[in-house]
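Shown next, in structure tokens, is the structure this report addresses.
The values are calculated or read from the model by the stated rules, or taken from the named source; none is laboratory data. Predicted model, so just to flag it, every value in this text is computed and none were measured. Cβ atoms come from the backbone with ideal geometry, glycine included; neighbour counts cover every protein chain shown. What goes into the accessible areas is simple: the full protein's heavy atoms, side chains included, and nothing from ligands, DNA or RNA. Shrake-Rupley method; radii C 1.70, N 1.55, O 1.52, S 1.80 Å.
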Amino acid sequence: MYSRFMSTSERLIQSTRELLWERGYVGTSPKAILERAGAGQGSMYHHFKGKPDLALAAIRRTAEEMRATAEGVLGGPGTPYERIAAYLRRERDVLRGCPVGRLTMDPDVVASEELRAPVDETLDWLRERLAGIVVEGQESGEFAAGLDAEEVAATIVATVQGGYVLARACGLPSAFDAGVRGLLALLAPPARPTV
């Protein structure tokens, strides 16, 4: 399953990331991690203090990857509206849900300040990054000056996370897409009059 060139600690982190996404914290047993990683029984405790330490490394990695993916689109070319649209429309495995967002529904992650911290930091970063793009659009006249950039950013994040929930509930990616289309229609800059 994993490259033979991947270190044992990397295989453990990757296995934990996948299992957290699929099963949540409680459903991710050390035995399942070791089996998926193809690692020996003592491997986890050789590289990590235990399951919480390994889960934290996995959550941090997932959060870093999400930020990098989002920044790749949000920092790309185009107007502020086009960059937000590209972020909303980027390819996702909608029916699997967001690997970071799903952690907010895991009671064991939410109950642990340490495990929750990378999740909070990532969602805060995303809202701040989006708010900055909205301000940029206001300064260029693309977005209305009266918009509250932080509220618009929160709406964008809520649309994505809620879109995942709707799509998973009905088993159709089109539910996610409908939310994206609706938000983009609301954000669309006014048409410029033709002469």
Unmet criterion (only one of (1) open to solvent by less than 50 Å² (accessible area, probe 1.4 Å); (2) of a type outside the set (S, T, N, Q); (3) outside any helix (DSSP H, G or I)) for Phe5: (1)
Single condition Asp106 does not satisfy, out of (1) open to solvent by less than 70 Å² (accessible area, probe 1.4 Å); (2) in contact with a Leu (Cβ under 7 Å, 6 or more places away or on another chain): (2)
Is it the case that the range 148-167 has a residue that's in contact (Cβ under 8 Å) with a residue 12 or more places away in the chain, more than 19 Å from the chain's Cα centre (by Cα), open to solvent by less than 50 Å² (accessible area, probe 1.4 Å) and farther than 19 Å from Gly132 by Cβ? no
Being open to solvent by 30 Å² or more (accessible area, probe 1.4 Å), modelled with pLDDT of 90 or more and more than 22 Å from the chain's Cα centre (by Cα) is the requirement here; does Thr69 meet it? no
Anything in the range 86-103 that is loosely packed, with under 14 Cβ neighbours inside 10 Å and closer than 20 Å to Thr28 by Cβ? List them, or say none. Asp93, Arg96
Just the residues that are surrounded by fewer than 18 Cβ atoms within 10 Å (Cβ to Cβ) and either without any contact (Cβ under 8 Å) to a residue 24 or more places away in the chain or in contact with a Lys or Arg (Cβ under 7 Å, 6 or more places away or on another chain) (or both), please, taken from the range 72-84. Gly72, Val73, Gly75, Gly76, Pro77, Gly78, Glu82
How many residues are free of Cβ contacts under 8 Å to residues at least 24 places away in the same chain and open to solvent by 60 Å² or more (accessible area, probe 1.4 Å) if we restrict to the range 47-62? 1
Quick test of your reading of the structure: Pro189 fulfils all but one of (1) assigned to a helix (DSSP H, G or I); (2) closer than 15 Å to Ile84 by Cβ. Name the failing condition by number. (1)
Those residues that are open to solvent by less than 70 Å² (accessible area, probe 1.4 Å) and either closer than 23 Å to Arg102 by Cβ or of a type outside the set (A, V, I, L, M) (or both), I need them from the range 178-187; list them, please. Ala178, Gly179, Val180, Gly182, Leu183
Write out, first by first residue and then by second, each pair whose Cβ atoms fall under 6 Å of each other, whose residues are 6+ apart or on separate chains, and whose first residue, in the range 179-195, is under 30 Å from Tyr164 (Cα atoms) while the second is modelled with pLDDT of 95 or more and in a helix (DSSP H, G or I). Gly179/Thr159; Gly179/Gly163; Val180/Leu88; Leu183/Thr159; Leu184/Ala85; Pro189/Tyr81
Picked from the range 8-38 (must be open to solvent by 50 Å² or more (accessible area, probe 1.4 Å) and hydrophobic (A, V, I, L, M, F, W, C)), the residue farthest from Gly97 (Cα to Cα) is Val26
